[in-house]
Amino acid sequence: MQKVIENLENKVHSMKIDNAKEKKFKDVIEQMKDKIECPVCLDVPRSHPIPVCPNGHVVCKECKTDSCPTCRVAMGNGKSLLASIVIENIDHECKFDDCEDMFAVDKLDDHSKVCAHRTVKCPHPTCSEKVSLAKLLDHLGKNKSCSFDDAPKLLEKDSPGGIKTYTFKDQFLNPGNITWGLNIFSYEGVNFAILPEKYDGFYYVSFVMFSSEVECSKYKIEMTLHERGSTSQDAEVSFKYCGKPCSIDGEKTDYKYYGVGVNSKGMEGTLKTRINNLFGFKVTFSIRKTC
């Protein structure tokens, strides 16, 4: 029994030493991070070479000027090898607001492409707002010019799809651009929007998923644009798109090239019926995960 007690005491002592070493290591790291923090933007550099003045003060490449911001001597062309070693061996904060995750410097770029707080553009064609992806639904719900919906409509797992109708007055039937609000949906925790637009004589309907390019490649959508008063199967005239959805990270100007696109002449058969003095068309869609 005495031997067991001695072994336990030795393990506890060893753990205390390890904890003390770990605390000392963390303290040293924090001191080193403080020394290489840029005095202008207050960020720790994420790439090297890192400029350093003759007196050893570092500054990031973006904030470097002719004089050192700390001691005002001429900066020169000095580079800090020590600072480069430090940034490669410490964890860095994600650059996006509200994200509290830390990563090694070589993992930052991969994380920034999928960070839930990354900055994205509102997908509506006439909106120039840039918001955090985590706050995009709030933005769309509060701006009726951007979205018809206050919140995403939940799609059933067994039948993930739906039908939406888009209308306009007859004065817009002739040349002229039209934008409609987005319709927002949610399927198995993934949010997406249907984006209709008339631009430069063409009618476009795009399907934009609020996810990365990699995630979008795991889904397949089918969209059919057809006349009101019909289904996608029995419509006299219809136009179809089948493929992956657009990513919210893509260029807004490219959305319309990944969906249904029909010129005004082709739409004549779809828009031949006017109901309540409004022209319009339907979009029938479905979504499924392929992997």
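Identify, please: which residue in region 221-230 is part of a loop (DSSP other than H, G, I, E, B) and modelled with pLDDT of 85 or more and is, among those, most open to solvent (accessible area, probe 1.4 Å)?
Ranking the qualifying residues of region 221-230, first place goes to Arg228.
Loosely packed, with under 14 Cβ neighbours inside 10 Å, among the basic types (Lys, Arg) and in contact (Cβ under 8 Å) with a residue 60 or more places away in the chain: which single residue out of Arg274, Arg288 fits that description?
Checking each option against the conditions leaves just Arg288.
Tell me yes or no: at least one residue of region 55-67 is touching a His at 6+ places or on another chain (Cβ under 8 Å), open to solvent by 70 Å² or more (accessible area, probe 1.4 Å), outside any helix (DSSP H, G or I) and not aromatic (Phe, Trp, Tyr).
Checked against the condition, which is being touching a His at 6+ places or on another chain (Cβ under 8 Å), open to solvent by 70 Å² or more (accessible area, probe 1.4 Å), outside any helix (DSSP H, G or I) and not aromatic (Phe, Trp, Tyr), region 55-67 yields no hits at all.
Among Leu155, Leu108, which is touching a residue at least 60 places away in the same chain (Cβ under 8 Å) and closer than 30 Å to Val52 by Cα?
On inspection, the qualifying residue turns out to be Leu108.
Which condition number in (1) closer than 21 Å to His124 by Cβ; (2) open to solvent by 60 Å² or more (accessible area, probe 1.4 Å) is the one that Gly261 fails?
(2)
Looking only at residues that are surrounded by 22 or more Cβ atoms within 10 Å (Cβ to Cβ) and part of a loop (DSSP other than H, G, I, E, B) in region 231-258, which one is nearest to the chain's Cα centre (by Cα)?
Result: Ile248.
Please work out if His111 is at pLDDT 90 or above and touching an Asp or Glu at 6+ places or on another chain (Cβ under 8 Å).
For His111, the condition - at pLDDT 90 or above and touching an Asp or Glu at 6+ places or on another chain (Cβ under 8 Å) - is met.
Can you find even one residue in region 75-85 that is over 20 Å from Ser211 (Cβ atoms), in a loop (DSSP other than H, G, I, E, B), of a type outside the set (Gly, Ala, Ser) and open to solvent by 40 Å² or more (accessible area, probe 1.4 Å)?
Taking every residue of region 75-85 in turn, at least one turns out to be over 20 Å from Ser211 (Cβ atoms), in a loop (DSSP other than H, G, I, E, B), of a type outside the set (Gly, Ala, Ser) and open to solvent by 40 Å² or more (accessible area, probe 1.4 Å).
Which ranges mark the strands (runs of 3 or more DSSP E) fully within region 88-132 that have 2 or more residues being touching a His at 6+ places or on another chain (Cβ under 9 Å) and loosely packed, with under 15 Cβ neighbours inside 10 Å?
Correct list: 102-104.
Scan (1) part of a strand (DSSP E or B); (2) open to solvent by 20 Å² or more (accessible area, probe 1.4 Å) for the single condition Asp149 breaks and write down its number.
If we test Asp149 against (1) part of a strand (DSSP E or B); (2) open to solvent by 20 Å² or more (accessible area, probe 1.4 Å), just (1) comes out false.
Kindly list the number of the only condition in (1) farther than 20 Å from Trp180 by Cβ; (2) assigned to a strand (DSSP E or B) that fails for Gly280.
(1)
The values are calculated or read from the model by the stated rules, or taken from the named source; none is laboratory data. Values in this document were obtained by computation on a predicted structure and should not be read as measured data. Don't worry about glycine lacking a Cβ; one is built from the backbone with ideal geometry, like all the others, and counts go over all protein chains shown. Quick note on the areas: whole protein, heavy atoms, side chains included, nothing else; ligands and nucleic acids left out. Shrake-Rupley method; radii C 1.70, N 1.55, O 1.52, S 1.80 Å.
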